[in-house]
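Chemist: The structure is given below, and queries will be raised subsequently.
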């Protein structure tokens with residue numbers, strides 16, 4: 001039996017593992033094991049804080065009580081702009097992960113639908129995410145579109 005529940009503070013290590021595996025499977029260059037381990041070591045205390053204050057929220061999907069997928073959500077302050085001219089925040093989707101053994105079953109789509117509902121419940125009218133190559137087709141199917149965002153490492 002598959003069920004979905006809100007993320008809890010005791011999901012810390014699960015979210016860290018999902019996030020690290022998501023980046024491991026992504027197509028971005030330069031993602032060495034050393035970098036992934038360092039990222040997780042720094043992400044863990046960040047997540048403790050944000051799970052604790054409720055600013056990181058989301059859902060875990062379980063099958064027979066065992067976690068098989070998850071999604072993280074946040075609302076972030078952002079100045080009003082053309083995409084959300086009356087709001088000073090936007091939704092942010094991160095850490096979407098489905099265990100390989102459970103992919104292609106509609107679980108990620110169900111999590112994204114749940115994210116839409118949660119943002120609507122919180123009055124958020126616009127959301128963003130950063131997609132991996134593997135996730136792009138699903139997000140496009142659900143109405144997400146690419147933006148003109150660019151990035152630069154300053155270190």
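Chemist: Could you tell me which residue of region 135-155 is modelled with the lowest pLDDT, considering only residues that are surrounded by 14 or more Cβ atoms within 10 Å (Cβ to Cβ) and part of a loop (DSSP other than H, G, I, E, B)? Write out each step before concluding.
Modeler: Taking region 135-155 first, the residues surrounded by 14 or more Cβ atoms within 10 Å (Cβ to Cβ) are 135, 138-139, 144.
Adding the requirement that they be part of a loop (DSSP other than H, G, I, E, B) leaves 135, 144.
On the way: 135: 92, 144: 97.
The residue in question is 135.
Chemist: List the number of the failed condition for residue 94; all other conditions in (1) surrounded by 11 or more Cβ atoms within 10 Å (Cβ to Cβ); (2) under 15 Å from the mean Cα position of the chain (by Cα); (3) farther than 14 Å from residue 57 by Cβ hold.
Modeler: Single failed check for residue 94: (3).
Chemist: Next question, about the same structure. Looking at residue 56 and the list (1) over 15 Å from the mean Cα position of the chain (by Cα); (2) under 20 Å from residue 17 (Cα atoms), which single condition is not satisfied?
Modeler: Status for residue 56: all satisfied but (1).
Chemist: In region 12-26, how many residues are surrounded by 17 or more Cβ atoms within 10 Å (Cβ to Cβ) and in contact (Cβ under 8 Å) with a residue 60 or more places away in the chain?
Modeler: Total meeting the criteria: 4.
Chemist: Does region 18-42 hold any residues that are assigned to a helix (DSSP H, G or I), in contact with a helix residue (DSSP H, G or I) (Cβ under 8 Å, 6 or more places away or on another chain) and closer than 23 Å to residue 136 by Cβ, and which are they?
Modeler: Of everything in region 18-42, those that are assigned to a helix (DSSP H, G or I), in contact with a helix residue (DSSP H, G or I) (Cβ under 8 Å, 6 or more places away or on another chain) and closer than 23 Å to residue 136 by Cβ turn out to be 19, 20, 23, 24, 36, 39.
Chemist: Follow-up question, since we're still on this one. Failed condition for residue 29, given (1) out of contact with any strand residue (DSSP E or B) (no Cβ under 6 Å at 6 or more places or on another chain); (2) at pLDDT 95 or above; (3) surrounded by fewer than 18 Cβ atoms within 10 Å (Cβ to Cβ), with all others met?
Modeler: Unmet for residue 29, out of (1) out of contact with any strand residue (DSSP E or B) (no Cβ under 6 Å at 6 or more places or on another chain); (2) at pLDDT 95 or above; (3) surrounded by fewer than 18 Cβ atoms within 10 Å (Cβ to Cβ): (2).
Chemist: Being touching a residue at least 12 places away in the same chain (Cβ under 8 Å), more than 22 Å from residue 108 (Cβ to Cβ) and in contact with a strand residue (DSSP E or B) (Cβ under 7 Å, 6 or more places away or on another chain): is that true of residue 3 here?
Modeler: Numbers: touching a residue at least 12 places away in the same chain (Cβ under 8 Å): yes; more than 22 Å from residue 108 (Cβ to Cβ): no; in contact with a strand residue (DSSP E or B) (Cβ under 7 Å, 6 or more places away or on another chain): yes.
No.
Chemist: Moving on to the next point. Just wondering, is there one or more residues in region 103-117 that are in a strand (DSSP E or B), closer than 24 Å to residue 9 by Cβ and within 13 Å of the chain's Cα centre (by Cα)? Show your work before the answer.
Modeler: Of all residues in region 103-117, those in a strand (DSSP E or B) come to none.
Looking for residues that are in a strand (DSSP E or B), closer than 24 Å to residue 9 by Cβ and within 13 Å of the chain's Cα centre (by Cα), one finds none in region 103-117, hence no.
Chemist: May I pose another question? Which of the following residues is free of Cβ contacts under 8 Å to residues at least 12 places away in the same chain and either under 13 Å from the mean Cα position of the chain (by Cα) or closer than 25 Å to residue 44 by Cβ (or both): 100, 85, 137? Before the answer, list the steps.
Modeler: Details: 85 fails: either under 13 Å from the mean Cα position of the chain (by Cα) or closer than 25 Å to residue 44 by Cβ (or both); 137 fails: either under 13 Å from the mean Cα position of the chain (by Cα) or closer than 25 Å to residue 44 by Cβ (or both).
The match here is 100.
Chemist: Assuming residue 67 fulfils every condition listed in (1) outside any strand (DSSP E or B); (2) touching a strand residue (DSSP E or B) at 6+ places or on another chain (Cβ under 9 Å) apart from one, which condition is it?
Modeler: Going through the list (1) outside any strand (DSSP E or B); (2) touching a strand residue (DSSP E or B) at 6+ places or on another chain (Cβ under 9 Å), residue 67 breaks only (1).
Chemist: Could you tell me which residue of region 64-81 is surrounded by the most Cβ atoms within 10 Å (Cβ to Cβ), considering only residues that are more than 18 Å from residue 22 (Cβ to Cβ) and in contact (Cβ under 8 Å) with a residue 24 or more places away in the chain? Even if it seems obvious, please write down each step before you answer.
Modeler: Within region 64-81, the subset more than 18 Å from residue 22 (Cβ to Cβ) is 64-66, 75-81.
Those left that are additionally in contact (Cβ under 8 Å) with a residue 24 or more places away in the chain: 64, 75.
On the way: 64: 8, 75: 18.
Top of the filtered list is 75.
The values are calculated or read from the model by the stated rules, or taken from the named source; none is laboratory data. Just so we're clear, the structure is a prediction, and the values are computed from it rather than from any experiment. Note that we place each Cβ from the backbone using ideal geometry, even for glycine, and neighbour counts take in every protein chain shown.
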